[in-house]
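Peer 1: Supplied in structure tokens, the structure appears directly below.
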Amino acid sequence: MATLKAYARQLWGVQRVVAEKLGIQLAGAQLDQRALAISGDVTLAMLVKILTDKGVITDQELLTIANQVKAASFPQLPGEVVGNSDEPLPDPDLGT
């Protein structure tokens, strides 16, 4: 079983690839964006660590799904989302 740091790094790698497909270079993003991304990765890594330690999921299963997410298509997000006050803003296309 991997360490919490190893899981966080793996999640960061997935998030970085998806963010690039959506149109942002996460590693070069503003401090608040990077901090939110990293804190989310560490929080999720905490859950992954618990689940792998208890044998609910394996490291290989996690690696397989991480690679599938990295390979998935994610359309680039528009620079601006426009709506009107009568309707909620549309949800993003979350890819395949």
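Bear in mind these aren't lab numbers, they're just calculated from the coordinates by the rules spelled out. Predicted, not measured: the structure shown is a model, and the values here were computed from it. Virtual Cβ from ideal backbone geometry, glycine too; neighbours counted across all protein chains shown.
Peer 1: Look at T52 and say whether it is of a type in the set (V, I, T) and free of Cβ contacts under 8 Å to residues at least 12 places away in the same chain. Working first, answer last.
Peer 2: Numbers: of a type in the set (V, I, T): yes; free of Cβ contacts under 8 Å to residues at least 12 places away in the same chain: no.
No: the conditions fail for T52.
Peer 1: Would you please name the residue that is surrounded by the fewest Cβ atoms within 10 Å (Cβ to Cβ), looking only at residues in the range 41-90 that are assigned to a loop (DSSP other than H, G, I, E, B) and of a type in the set (A, V, I, L, M)?
Peer 2: Step by step, filter the range 41-90, then rank; the result is V82.
Peer 1: Given the criteria touching a Gly at 6+ places or on another chain (Cβ under 9 Å) and part of a helix (DSSP H, G or I), does Q15 qualify?
Peer 2: In short, yes.
Peer 1: I would also like to ask the following. Output the number of residues of the range 26-40 satisfying the condition of being part of a helix (DSSP H, G or I) and either among the basic types (K, R) or without any contact (Cβ under 8 Å) to a residue 24 or more places away in the chain (or both).
Peer 2: Residues flagged as part of a helix (DSSP H, G or I) and either among the basic types (K, R) or without any contact (Cβ under 8 Å) to a residue 24 or more places away in the chain (or both) within the range 26-40 amount to 10.
Peer 1: For the range 31-54: of the residues being among the charged types (D, E, K, R) and under 15 Å from the mean Cα position of the chain (by Cα), which is nearest to Q10 (Cα to Cα)?
Peer 2: D41
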